[in-house]
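Trainee: Encoded as structure tokens, here's the structure I'll be asking about.
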Amino acid sequence: MDIRSFLCCTRGSDRKEKGKKESTWRIFSLKELHAATNNFNYDNKLGEGGFGSVYWGQLWDGSQIAVKRLKAWSDKAEMEFTVEIEILARVRHKNLLSLRGNCAEGQERLIVYDYMPNLSLLSHLHGHHSSESLLDWPRRMAIAIGSAEGIVYLHHHATPHIIHSDIKASNVLLDSDFKAQVADFGFAKLMPDSTTHVTTRVKGTLGYLAPEYAKLGKVSESCDVYSFGILLLELVSGKRPLQKINSTTISITDWALPLVYEREFSEIADPKMNGKYVEEELKRVVFVGLICAHNQPDKRPTMLEVVELLKGQLKEKFAAIENDVMLTMDRAADCNDEVSDGDDDSGFISEGKEQIQEIEKAT
Ligand SMILES: Nc1ncnc2c1ncn2[C@@H]1O[C@H](COP(=O)(O)OP(=O)(O)OP(=O)(O)O)[C@@H](O)[C@H]1O
Ligand SMILES: [Mg+2]
């Protein structure tokens, strides 16, 4: 369905909803954003992504904002930008970072969000805040469930449905209560083709890409499920999606699987938690993460199921997942014993090798 016609037919139908949104989303002037960010001062810069740089700012009313400034733009994308922004402005959920507004003046394209004082999950797991160990187990569990609920909204409740296509730790922001706010949904289409950043030709981030997306460019909800599985493993372990061990790059699934097989869950747990976690819940997150990051899309659960599984519901399905993951390991071990360099039929082990080849191609 053409996005523009979607906007035309929904505008009149939910005026009440729209009224609510209009009070929170508006057009900003460039002058106002210059003033808020001290002329996009380097000291205000929060970081840089595929889209451009992000700056901290403060509005005249004292509220704090994050302003994303597009680094490259093409004329033909201009209309799409406005339409897409309008759609995203309508998306509201407690676990999705909502837009406050946008600005399009001359060549400048800017998007304004609420500032998230606890920055991104990435900064707590691997960045500036990682040494402070602020992510205790209850916070990690709440982030896992909250971000899953945000993605459920995108996949199942937003109209039209939205595939995020860049789920990763830097796109999970944390508010003052450490509540997860999934960011950058729906922006895959807004990225200029020239964007390189840490993305691949198919847009996304190495280590989080579902194999069918990386190889064939096939996008579907289950690609988000795959990336979310990687994110879950990262959240419990504090390990990066791809690690260099003795000059070999290894994926987080390949790292976790042998430990799961040996039932060494304490080895998987992020040492920064000092052993303070609920083992049953940790085990649950690990198994759900692994099944989400399965090579075969049809083995992956839906995000609706993921939320229930994380909450400890769907007990039978969880038992089946546990079995599936353990059996996969058995098969992988047998394959490794019998044919050392043959194709293995495990859903996970080959994935790591493919990912590594992807990286080698990209570097
Ligand atoms: N609303 C916000 N509040 C606080 N920090 C933010 C906000 N939005 C973005 N950031 C931070 O700014 C940095 C750059 O974000 P950006 O989304 O541009 O890049 P990215 O997430 O690394 O990659 P991608 O372009 O793939 O999303 C990140 O560290 C992100 O956590
Ligand atoms: Mg981002």
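Trainee: Let me know the shape class of the range 211-314, please: from the alpha-carbon gyration tensor, a ≥ b ≥ c as square roots of the eigenvalues, rounded when a/c is under 1.5, otherwise prolate if a/b is greater than b/c, or oblate.
Mentor: Note, shape of the range 211-314 comes out oblate.
Trainee: Now a separate question. Label points 7 Å out from Cα along the Cβ direction at GLU267 and ALA72: separation in nm?
Mentor: 4.4
Trainee: Rank the residues THR24, THR205 as a footprinting-exposure proxy: fewest other Cβ atoms within 10 Å of their Cβ go first.
Mentor: Working: THR24 13, THR205 22.
Taking fewest neighbouring Cβ atoms as first place, the list is THR24, THR205.
Trainee: Apply 1/(1 + (r/R0)^6) to the Cβ-Cβ distance of GLU279 and THR24, taking R0 = 51 Å, and write down the FRET efficiency to the nearest 0.05.
Mentor: 0.75
Trainee: Give me the tail of P(r) for the range 260-302 as a percent: Cα-Cα pairs with distance above 13 Å.
Mentor: 57
Throughout, read-outs are computed from the coordinates displayed, never taken from laboratory work. Just so it is clear, the structure is predicted and the values come from calculations on it, not from any experiment. Please note: Cβ atoms are built from the backbone with ideal geometry, for glycine as well, and neighbour counts cover all protein chains shown.
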